[in-house]
1. Taking the convex hull of the Cα atoms, report for chain B its projected area averaged over all directions, in nm².
2. How much FRET efficiency would the formula 1/(1 + (r/R0)^6) give for A:Glu197 and A:Val463, where r is the Cβ-Cβ distance and R0 is 41 Å, rounded to 0.05?
3. If you place +1 on the Cβ of every Lys and Arg and -1 on the Cβ of every Asp and Glu, how big does the dipole about the Cα centre of the protein assembly as shown come out, in debye to the nearest 20?
4. Simple spin-label model, 7 Å along Cα-to-Cβ: A:Thr210 to B:Phe76 in nm?
5. Please rank A:Val391, A:Val87, fewest neighbouring Cβ atoms within 10 Å first, as an exposure proxy.
6. Which whole-Hz couplings ³J(HN,Hα) result when phi for each residue of the stretch A:295-308 is put into the Karplus expression 6.51 cos²θ - 1.76 cosθ + 1.60, θ = phi - 60°, listed in order with x for Gly and Pro?
7. For chain A, what is the calculated [θ] at 222 nm in deg cm²/dmol (nearest 500), taking -39500 (n - 2.57) for each run of four or more DSSP H residues and dividing by its residue count?
8. Roughly how many nanometres apart are two label points built 7 Å out from the Cα toward the Cβ at B:Leu102 and A:Glu449?
Amino acid sequence: MEPLQIPPVNLILLAPLLTVVGWASALLLVDVFLIPEGKKKLTGYLAIAGLLVAGLVGLPLWNVSGSTFSGMLVLDRYSLSLTWIFVIVGALSIAMALDYLPRHGIEQGEFYPLIMFAVAGMILLAQGTDLIVLFLGIEALSITLYILTGFAYPRLTSEEAAMKYLVLGAFAAGFFVYGIALVYGATGTTSLAGIAEFLGRQTLVAEDQTLLLAGAGMVLIAFSFKTALVPFHMWTPDVYEGSPTPVAAFMSVGTKGAALAALLRVLAFAFEGVQAYWLPVLAALAAITMVVGNLGALGQTNVKRMLAYSSIGHAGYILLGIMVASERGAEAFLFYLLAYALTNLGAFGVVIALEQQGESVWSIEDFAGLYQRRPMLAVAMALFMFSLAGVPPTAGFMAKFFIFTAAYEGGLGWLALVGVITSAIAAYFYLRVVVKMFMQEPAREVQPELNRGLNADIIIAGVATLLIGLVPTPFIFLAQQSLVALGG
Amino acid sequence: MLGAYLPILVMFLIAVFIAAFVIIVSSLLGPRRSTVRKLAPYESGMEPIGPAIRRIPVKFYVVAMLFIVFDIEVVFFYPYALVFRDLAGPGLVAMGVFFLVLVVGFVYEWKKGALKWE
């Protein structure tokens, strides 16, 4: 028998990922053995610390790049920037959950390691350069989210959400694996670089590409499910409404961001050679996602559902960046992701503050007259709504401006136009919340509950939203630097 | 080329015909004398004791989870046993890490009371 060759492994390149996974595993045991019932908040603080450490571990890797595990995982500035965004998203989501969980009687220490495992899955998605690894990342992320979605057990809506998410998620996973199999059949490899090389060698006309295109299409469908692109979005409002609000916040930015980041790598890197085929499909998806997402939000009186539809719409905008990734789209994508993540986490934070014990209705009426009772909270919410709507001088405006410009320069002017029009429509339902808060009398007494974790979340998100909006240059610079190809 | 499979098709058609023929003829010609016993749902000759859709103790799922832990362990350890001399040091380290992750899951389940059956 031939001696087995073990590929060289450079674990340094995986430092942030390994930190998160190791810390989460240890925390799981620390939580069961050392932390007594009722003090589970400590687990939460430890989880936040772990995520921050993972972020710091990434810092010295900024000038390092390379791939390991036979080119299945890669560390570059793109993945590192995404890692930081995901770490921030995870930490803020945990901060929101610290008091939410005990208040709703669903406090269990496992919540925090689970969020960390989900973040690990997201980092894997950012670093993966092989379809199998991407599948692994998606599953690691999804399986933890199935549990987190149902975390408000035995609340029926939460169970329903978990069930819906599980069934559709499993369905999407099936598409993904089948797609990978077909792509492998066509190209003989699952590595993104290998696929790109194969397509570079091949002239499309000469070879029958049915297998490859069918496989790529299935992979695209799986990604569409995960990122809730229309027409694969049906589960989103129900799942967001049913799951615990911090989980919904985490999903709306985390899952979406990670899956879109991986999609960018797959499309712009592996399948660049067949761009002529996927570009029209993706353009159509983006257009209907923007339209349906924002139109769907118009009729919602439930704020959580409204934010769910809004997140669908935003996925459409982000898709614009992915389509022109080879131009300036990738920068715009990163910038938009950062701006949207912080804004949305802030908005969900305000929703949590207004959420009452044991209640399953998040009516927009609860926001009426909020300005009189809690002026700062109302101002913060207004800021987030303006940012989501894309009104200057907020982060959302700069992000939209950046991504529409990139789309226009990339020759997708009509899509940018659709984006601008739908943004204008979206302004209606975002500003409706603002009008309610500032200009109407409260319909009923809803006492917002704030606490340290939630305060921190809203303040960080608010400051970041303003900062990115007012001084975008450093952030744009960071996004540009993230895409500078490093030697090696 | 498909001609080689023609006998199988013929065989298949004959089988379908015989099955259909027997069922149809017996339902047309057979006598029907229903009794209470005959109309009752068949439960291997036992007295029917209730509907088949019943609640099953959900604690079985914990057993299923435990099973997965050891299932995965076996899946990796058997092939490893065959090649562990070839893999030498690095292989041992890799399996050690794998085992550590596995143990984390097992210890967690143990502490959570998965091995207690009430």
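1. Result: 17.7 nm².
2. Between A:Glu197 and A:Val463 the formula returns 0.35.
3. Here the protein assembly as shown has a charge dipole of around 1040 debye.
4. 4.1 nm
5. The most exposed by this proxy come first: A:Val391, A:Val87.
6. Karplus values, whole Hz, x for Gly and Pro: 5, x, 5, 4, x, 7, 9, 9, 5, 5, 5, 4, 5, 5.
7. Rounded to the nearest 500, the figure is -23500 deg cm²/dmol.
8. Placing both labels 7 Å beyond Cα along the Cβ direction yields 4.4 nm.
FYI, it's all coordinate maths here, none of it is from the lab. What you see is a predicted model; the values in this text were computed from it and never measured. Note that we place each Cβ from the backbone using ideal geometry, even for glycine, and neighbour counts take in every protein chain shown.
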